[in-house]
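The values are calculated or read from the model by the stated rules, or taken from the named source; none is laboratory data. Predicted model only: the values in this text are computed from it and were never measured. Quick note on the areas: whole protein, heavy atoms, side chains included, nothing else; ligands and nucleic acids left out. Shrake-Rupley method; radii C 1.70, N 1.55, O 1.52, S 1.80 Å.
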Amino acid sequence: MSPSNAFSFFYSYLISKMKLAKLHYWILGCFSMASCCWCTSDKFPQSDGHSHTWKKLYLAHHWPVTVCKMSANDCQDPPDYWTIHGLWPDKGEECNRTWHFNVTEIKDLMSDMRRYWPDVIHSSLNRTHFWKHEWEKHGTCAASLPILDSQKKYFSETLELYHHVDLNGFLLKAGIKPGSTYYQMADIKEVLTKFYGVTPKIQCLPPEESEKAQTLGQIEFCFTKELKLRNCTEPKGESSQMHTNLQLVTEELSVCNDTLPVYYPSQVQDHKWSLKSLKNFNKTN
């Protein structure tokens, strides 16, 4: 073989080796990236073309009697205290659809979950659909915070916030009790805002055609990303990013009307027979 042919052969051999090496590193790099994404896909929200950034959390309490009044399901003997509806970021839904609910992760919370976060409209104690819904729709978005980045943390922290607010205890101390008494919306807002130092969001079931009063249904407290109480209202000029379908069973609720009396029912069926109380309310207010 002539020197020139030997050089050409060596040069071609060297180029082919370099191409193989590049291909090897390119494949290795792609595999590493795929492995990284696979390892973290169950923890961090996946991008689906929508922004999931949010500013505040809503801790929603709902009044079980009102929930039962709205529902045609097997709602029986609802709790006579405010229960948890959910902990909701003000923006984003189903942020990670691959991060499915696993009830075994909250098995040591089960006693408190059944008492303070029950599925009001379904009587079976073994039902977990409500919690599954709350986790997959809202918890996977709240999990962008380290303090809420697992199912155990999300549910346990919500229970902690619920006990910290202690809405049941405060309303009783303030003399706001369920029964045949009607309240002014302004009075309820005032005592809540004065005690907690922030403005909550209060929702009611609007009156039906034969009714004169709205029915108290849900009270929401807002928290910062540091889990500190804050106003639910936005500063002037800013619009709330709260989406329209946060609720599982309260689509008919709306922000309470300040001009209508508020009914705080103690029983599912005791609203319409209280017209006498309403007449007395109208005479004195």
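So what is the orientation-averaged projected area of segment 121-226, using the convex hull of its C-alpha atoms, in nm²?
Values: hull surface 36.0 nm².
Averaged projected hull area, Cα only: 9.0 nm².
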| field | Members of LYS55/LYS152; LYS56/LYS189; LYS177/LYS225 lying beyond 24 Å, as alpha-carbon distances in this model show | value | LYS177/LYS225
| query | What's the carbon and sulfur percent of segment 77-170's accessible surface, probe 1.4 angstrom, rounded to a whole number? | reply | 47
| task | Enter the Cα centre distance for the pair segment 73-105 and segment 169-205, rounded to the nearest angstrom. | result | 24
